[in-house]
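This report concerns only the one structure given below.
The values are calculated or read from the model by the stated rules, or taken from the named source; none is laboratory data. Quick caveat, the model's predicted, so the values are computed rather than measured. Virtual Cβ from ideal backbone geometry, glycine too; neighbours counted across all protein chains shown.
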Amino acid sequence: MWLLETSQYKCWRSESDAPSFLWCYGGPGTGKTVLTYGRLLSVITAGALLIGHRSLVLDELLSAVGDEDIGMAYVYLDYADRQAQTVDNIIASLAKQLSLWKKGSEDIKALYEQCQKGKSRPDLSKLEATLQTVCNRFKRVFFVFDALDECEDRLRRLLLAQLKGLEKSRCRFFLTSRPHLQDLQRNLCDYPKIEIKAQDLDIKLLIQKRIEDDATLSELVEDNERLEVAIVDEIIKNAMDM
């Protein structure tokens, strides 16, 4: 829960005049996706968005989406799915997700009609206009983009340009990536950042739970508290924030 307690997150989440971007960065294996996305599966059925295996940040944001004035959309960028990950597809996905939070989807229907009822594909300018119109139906919109380092540099630059074009007073963007991306460092230098890394207390609790659940390990440290402390301390020392 430490991430939700940071001043950067609380401000980004709730303050009306907060910066629109929050960048969470960390090395591989430090828990970025577990914290922000997890094994999130979306299934669209009967006009409703059903979400399973939710993660910490999405759960927290979704707690507010019961209010029809608040919307949320998310994208997980996967290195293995680069062909499908274009700016057009991402913007279309965001507009579709947001339209599902509101009863009725007049903006999406209008775009469908403009494209000869699905016979042609809308160009980027039409998708941008539709996304902006859909966003304007909400008081606040949260966008979550996980693993920005997984996409190509050109796509990331184009995507950031599109996001910055959305109305800043209404839209909030939660981004995660590895820390080495120079274009993100340049683009987000004026925005708050949070380093994602395993906390010593989290590692300690995990190890203690594993020992407790494993009969062999429990027997090993039984009546030997110093040995358990030594094991926990040594693993924490060598965990390297993962």
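Do you know which residues across segment 182-201 are touching a residue at least 40 places away in the same chain (Cβ under 8 Å) and surrounded by 13 or more Cβ atoms within 10 Å (Cβ to Cβ)?
Leu184, Leu188, Tyr191, Pro192, Lys193, Ile194, Ile196, Lys197, Ala198, Gln199
A quick yes/no check of all residues on (1) in a strand (DSSP E or B); (2) assigned by TED's automatic domain parsing to the domain that holds Gln162; (3) at pLDDT below 80; (4) not aliphatic (A, V, I, L, M):
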| site | (1), (2), (3), (4) |
| --- | --- |
| Arg13 | no, yes, no, yes |
| Asp17 | no, yes, no, yes |
| Gly27 | no, yes, no, yes |
| Gly38 | no, yes, yes, yes |
| Arg54 | no, yes, yes, yes |
| Val57 | no, yes, no, no |
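For Tyr79, only one of the following conditions fails: (1) in contact (Cβ under 8 Å) with a residue 60 or more places away in the chain; (2) surrounded by 13 or more Cβ atoms within 10 Å (Cβ to Cβ); (3) not small (Gly, Ala, Ser). What is its number?
Unmet for Tyr79, out of (1) in contact (Cβ under 8 Å) with a residue 60 or more places away in the chain; (2) surrounded by 13 or more Cβ atoms within 10 Å (Cβ to Cβ); (3) not small (Gly, Ala, Ser): (2).
Identify all residues within segment 202-242 that are surrounded by 12 or more Cβ atoms within 10 Å (Cβ to Cβ), of a type in the set (A, V, I, L, M) and either closer than 23 Å to Pro28 by Cβ or in contact (Cβ under 8 Å) with a residue 60 or more places away in the chain (or both); write none if there are none.
Ile203, Leu205, Leu206, Ile207, Ile235, Ile236, Ala239, Met242
Can you confirm whether Ser169 is hydroxyl-bearing (Ser, Thr, Tyr) and either in a loop (DSSP other than H, G, I, E, B) or within 16 Å of Ser20 (Cβ to Cβ) (or both)?
yes
For (1) more than 18 Å from Gly71 (Cα to Cα); (2) outside the structural domain of Cys24 (by TED's automatic domain parsing); (3) among the acidic types (Asp, Glu), each residue gets a yes or a no:
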| position | (1), (2), (3) |
| --- | --- |
| Leu100 | no, yes, no |
| Glu106 | no, yes, yes |
| Glu113 | yes, yes, yes |
| Lys117 | yes, yes, no |
| Val134 | no, yes, no |
| Leu158 | yes, no, no |
